[in-house]
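Student: So that we are looking at the same thing, I have put the structure below in structure tokens.
Computed from the coordinates by the stated procedures, all read-outs in this text should not be read as laboratory data. All values derive from a computational prediction rather than experimental measurement. Don't worry about glycine lacking a Cβ; one is built from the backbone with ideal geometry, like all the others, and counts go over all protein chains shown.
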Amino acid sequence: MRSMKTSFLLIGPWDERLVDLGSQILPDLTRALSWSKETICDVVALSITSILEKKFAQFYQQVLDHNPAVQWIAVVPKDFPPEHLIEIHENYPLFRVISSYQETDIEAHFFSALEEVNRQKQDKNLEKLIREQKDKLIRLQVDLEQRVEKRTKFLTEARRKLYITNVRIEGLKNALMAVHKAGSLVEIEKLLNESMASTVQTSWIRIFFSPQDNLFSEQVEAKLNFTQQRIPLFREHEKIGSILFMRPPDRPFLRDEVDFLNRVAEAVSLALVRIQKLEESEELKKQWETTFNAVSDPVAIIDSNYDIIQANSAITDHHTGPLMGRKCYEVLYKKTAPCKNCERGMSFRLEEFKDHHLATFEVFSQSLVLDPQKPAVFVNIYHDITQRLLLEKQLLETAKLAELGTIGSSIAHELNNPLGGILSFVQLIKMDLPKDHALYSDILEMEAGALRCKEIIQNLLGFTRNPNVDEIADLDLKDVIKRACKIIELQVKSQTIDVVLNLPDVSCPARGHFNLLSQAVKNILQSGFDAIVARREKDPSPFKAILGISLEVMTDKYVISVKNNGENYAKESAGLGIPVAAQIFEDHGGKLEISSSTKHETLAKISFPRPVLRS
């Protein structure tokens, strides 16, 4: 009768869902004893109570007879005596002990036991295969001994050939090692001479590229008393040169030696190709590193863990110590976690502090697969666009100011007509009233107010007038400074900023474009005003804002100094207004210098040459 087979035989109140695993569930050991006579099972799971029954020994032997690799799993209560369990395990080895029929990972226990059964079966099969192979080897050994015995007369010759072969192999090994160690053509020749002098008793060895190999071979035959063996060297089936082996004239090269030298020549050909490719790769590496480091923006190659694999000189020159393996956010921005807006593989923007100032970086990130077996890496280019954004913002502000200037010019012209009428009537009333009249002081106030309005309109017209139509003329630098202060006066007063004006009593004559110089000085004042506002936004603690401008008359020059106690800025990073003002001063023969002596004190110094007065 054909035996049945099941993977799991479960005895006891097991969950019926285990049948789906290919299990056979039996209620007790009596039923299992009769059932197992015709069944082969791999894993048997039962309670410790069933194991303690007298008929378990018969059942145990019956299952082992069918499958010696069967594994046993016992359900043992937690309070079962350990020493008793050890005694049972010595008689009936258990694969695993569980505490209940409803254990959560019961399926894992069953399949682990099934894997152990399969492993033991494989071991048995392997043992059987080894025995068969051993028997086969014994038969082959007997046959070999018979053959050796029959060929005893050839033993001496075989030993001699074996010795020669070993020498050749050892020589080839030494030659290959020498060629492998060599890093240049000279090293290959030197190491081959050392390794092959004892193998094939060569006197010396030389390697030449074409066509020098032909010339050297001819010279050896004509002038030197040596036996030479010349073997061509190839690279991808193209002859690139020759290797020449030299021996005394009474030692010609034998055929087996020539075969050996041909193998050495093949190794030399491969070594020459390797050295050439190595040199080419080194040259390409230098070119790549030069190109990589030539990029002015910081460039970093990072892996999926944000570790730096490679960085250009824009990063390495500003950091000490090794950078490879360190986190990009730690090196670039001194942070302990990845940047908030980081999107590797895509273009994104970051706002981070750089040199104690908030800077904006446009990051161009591109994924790159260096090894198909490893995750992709990322090439990140960090471009500082802080100044570009600032310039864009200032260009927009400049456009607004230009539009405002156009509108202001129209409004100023419209206001001039009624304002002129008002001023005329006020002055007529003033002429008709005696000075001791009760309304005379009021009329004087009205006249002063009208003149003040007229002055404001004239300043607005001067600010909005096209500076290109302004001709070079004689002017007073004090008037230039006063005009610039008038332009920015309302803006400064709205922020409750004190403007300290310090002008000399004497006139300061010069020549130039009055409106251009006024706007240039206004730009310097505007930068100081913006610095104070920036400090207020950044530092909420109150401080007294001061914006001062002074004019100093020296022997050969005038010096205009503008000082503020806002956020520090440099000439190169203050926006569009400073470069424009610097160019205007330079066109007038002046020079602009900006320096910061403390954390919140910036001084802009403008130097003008004094004109030479002639009688």
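Student: Sequence gap at least 6, Cα distance under 8 Å: using those rules, report the relative contact order of the stretch 295-384 to the nearest whole percent.
Tutor: 28
Student: Given R₀ = 30 Å, FRET efficiency for residue 414-residue 489 by Cβ-Cβ distance, to 0.05?
Tutor: Here the calculated transfer efficiency is 0.85.
Student: Further question on the same structure: So how far apart, in nm, are the two label points at residue 55 and residue 451 if each is 7 Å from Cα heading toward Cβ?
Tutor: 13.3
Student: While we're looking at this one, here's another question. Strictly over 18 Å apart at the Cα level, which of 563/605; 493/544; 482/563; 37/121; 482/544; 486/522 would you flag in this model?
Tutor: 37/121; 482/544
Student: Another one. Rounded to the nearest 500, what is the 222 nm mean residue ellipticity of the chain from helices alone, with -39500 (n - 2.57) per DSSP H run of 4+ residues and division by all residues?
Tutor: So the calculated ellipticity at 222 nm is -17000 deg cm²/dmol.
Student: If you don't mind, another one. Can you compute the label reach from residue 544? Point 7 Å from Cα along the Cβ direction, backbone N cut-off under 14 Å, restricted to the stretch 473-510.
Tutor: Only 497-500 fall inside the zone, counting backbone N under 14 Å.
Student: Starting from the Cα of residue 280, step 7 Å along the direction of its Cβ; do the same at residue 346; then give the gap between the two resulting points in nm.
Tutor: In this crude spin-label approximation the distance works out to 4.1 nm.
Student: Once R0 is set to 22 Å, what does the formula 1/(1 + (r/R0)^6) return for the Cβ-Cβ distance between residue 288 and residue 374, expressed as a FRET efficiency to the nearest 0.05?
Tutor: Efficiency, from the Cβ-Cβ distance: 0.60.
Student: Here's something else I'd like to know. What longest region of the chain stays clear of trypsin sites (Lys or Arg not before Pro) that DSSP places outside H, G, I, E and B and that have at most 11 other Cβ atoms within 10 Å?
Tutor: 152-333
Student: Give me, ordered by chain and number, the residues 5 or more places off residue 558 or on other chains with an amide H under 5 Å from its own placed amide H.
Tutor: Residues meeting the criterion, in which the H sits 1.01 Å from N, are 608, 610.
Student: Also, quick follow-up: Remind me, relative contact order of the chain in percent, using alpha carbon pairs under 8 angstrom and six or more residues apart?
Tutor: Normalised by residue count, the contact order of the chain is 5 percent.
Student: Another one. If every alpha-carbon in the chain counts as one equal scatterer, what log10 I(q)/I(0) does Debye give at q = 0.05, 0.09 1/Å?
Tutor: -0.68, -0.98
Student: Also: Please work out the Cα center distance from the stretch 241-264 to the stretch 267-302, rounded to the nearest Å.
Tutor: 37
Student: May I ask you to list the lysines whose Cα is less than 18 Å away from that of residue 334, ignoring any residue fewer than eight positions away on the same chain?
Tutor: Partners within reach: 354.
Student: Can you work out the FRET efficiency for the pair residue 48 and residue 25, with r the C-beta to C-beta distance and R0 = 22 Å, to the nearest 0.05?
Tutor: 0.80
Student: Full-extension gain between residue 595 and residue 149, please, as 0.36 nm times their residue separation minus the C-alpha to C-alpha distance.
Tutor: 150.2 nm
Student: Here's a follow-up. Can you spot the lysines whose alpha carbon is less than 23 Å from residue 285's alpha carbon? Ignore those fewer than 8 places along the same chain.
Tutor: Excluding near neighbours in sequence, the set is 181, 277, 374.
Student: With each pseudo-label sitting 7 Å past Cα toward Cβ, what's the residue 383-residue 157 distance in nm, one decimal?
Tutor: 8.1
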